[in-house]
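Quick notes on the structure that follows.
What follows is calculated from the coordinates using simple rules that are stated; it is not laboratory data. These figures come from a predicted structure and were not determined experimentally. In this analysis, Cβ positions are derived from the backbone assuming ideal geometry, glycine residues included, and neighbour counts consider all displayed protein chains.
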């Protein structure tokens, strides 16, 4: 097989310079002018992405268009893409641990990806309900809660792409969760 290409090379060439036709979530609807800055949270839209924590110069801020970023708009309108229900008796027992872990995961996600934020954390009867602006953040929160408290999680995605997750902590939650 001296003149034949391997399948890896053929597949690699067939995908080069192709586009998926998909847009970034920040571009859903009308894409803001670059650079833009969020008047509520300070995130900056450059190179088709919202970022927070990057070094921004006074010159960049002087020519920035001041708008509201999609995450702030979702939080303001209470729209969500991730819904997490935490059920069961251990939820009340370890509420402080659960809330701390949720806040830590949300802070870590928002540092690099400001579009991933908490919308609300509220009690609905015996269930702690967490709403997030992205399905990935809800998924990460469930994963982190499973690491700390054990238990079982179920996931369901709707047609619009939103995630509905239910998490039930284990009855005998680990001692490390009570720290």
Exercise. Apply the Debye scattering formula to region 31-179, with a single equal point scatterer on each alpha-carbon and no solvent, then give log10 I(q)/I(0) at q = 0.10, 0.11 Å⁻¹.
Key: -0.40, -0.48
Self-check item: Cα-projected label distance for residue 144 with residue 85, points at 7 Å along beta-carbon direction, nm
Solution: 2.3
Quiz item: Exposure proxy check: 139, 94, 65 ranked by fewest other beta carbons within 10 Å?
Solution: 65, 139, 94
